[in-house]
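Heads up: the structure comes next, in structure tokens.
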Amino acid sequence: MYELDKKNHKNFKKTLKELKEKKWKHLICPHQSIRSHRLAFSLKAEQKVGFKNFYNFFIFDQSLKRPMHLPDALRQLSLLTLLDKDFQKDFDSITASYKNLSQQQTVDFNQQPAITESLSMGVDLATKTSSNDFNQAIFIAPGSVWATKRWTLEGFSELISLLENEKVCLIGSPNEMDICNKLKELHPDVVNLCGQTSLAELSLLLSEAKCLFCNDSGTMHVASMVNCPTVSVFGPTTLDLGYRPWSNNALVVQKSLGCRPCGKHGHDKCPIGTHECMKSISGLDVFKQAQKSGVFTDSPSH
């Protein structure tokens, strides 16, 4: 496996040299950036496939129009239909129900996913504390790689106040310690697991959680994988971009604004300087969405 770190010039140059020295059977390029297309052009492969664009016709042996009506995971898998006709039949059958997917619908994820034995291997969270301590706990993941995709500290704090009768746990990567520590200072009774869980441990915890509150982030997708009830706050991104929580056990809180979406992913700063998409959503707004999902039956105490 080769990993290209595009932010590390030395690593990028070294890995690219190694890739160019080999000839590959298949090259599949699901990305849309100029950098990725330049990379695909420079490598040797018997067959190259990618999404059709006006400027990349000379790069790929076969290409197809990016199926924007599908969740992004299925968009990327669609490229495999160019390599395997049998897979194309299966893929067409699987995706038939997505053709009329609207922005307000969630994907009907009928197969209840199960934690596999391989996921549970190496999990050592139980040595730190009993896993039973987290059964039916409320998990809050306040972080995101992109600053504009993070709901406000005030919003998360208000939400935690409304969850005073619940066991609340904070989760996140080591890079998200700052916001989790601030919430812990404001609410000493919450359990702060930020930076303490591997991906496998996170999956196991969410598989037994009562609910997850989060941003449009990687944790949201892990929750979908294990069918954890999820309430996500969306700001700069919208559902029609295809990065929705892929689960029928998830709800999205969002405000209808003319400036949304402002990009495919997010930004370090709001392009128009207001960040209204996140600041206009209160903790009570998010709590009420959780009530609609059936996770809570009691009225908020504040």
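A compact table of results
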{"read-out": "Residues Cys194, Cys29, sorted so that the one with the fewest Cβ neighbours within 10 Å comes first", "value": "Cys29, Cys194"}
{"read-out": "Straight-distance crosslink candidates among aspartates and glutamates, where the alpha carbon sits under 15 Å from Lys20 and sequence neighbours closer than 8 are dropped", "value": "Glu3, Glu46"}
{"read-out": "Per-residue Cβ neighbour rank within 10 angstrom, fewest leading, Leu153, Leu77, Leu27", "value": "Leu153, Leu77, Leu27"}
{"read-out": "Distance between the range 1-79 and the range 230-274 - C-alpha centres, whole angstrom", "value": "26"}
{"read-out": "Length-normalised contact order for the range 167-302 - Cα pairs under 8 Å, 6+ apart - percent", "value": "17"}
{"read-out": "Neighbour-count order for Thr219, Thr238, fewest beta carbons within 10 angstrom listed first", "value": "Thr238, Thr219"}
{"read-out": "Binned Cα-Cα distance frequencies in the range 9-98 - 10 Å width, integer %", "value": "15, 44, 29, 10, 1"}
{"read-out": "Other-chain or far-sequence residues with amide H under 5 Å of Lys167's (modelled H)", "value": "Ile138"}
{"read-out": "Residue-by-residue Karplus 3J(HN,Hα) for the range 172-184, coefficients 6.51, -1.76, 1.60, Hz, glycine and proline x", "value": "x, 7, x, 6, 10, 4, 4, 5, 5, 5, 5, 5, 5"}
{"read-out": "For the range 129-293, the spread of Cα positions along each principal axis, largest first, Å", "value": "47, 32, 30"}
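Every number in this text was worked out from the coordinates using simple rules, so none of it is lab data. Given the structure is predicted, the values throughout are model-derived calculations rather than measurements. Positions of Cβ are backbone-derived with ideal geometry, glycine not excepted, and every protein chain shown enters the neighbour counts.
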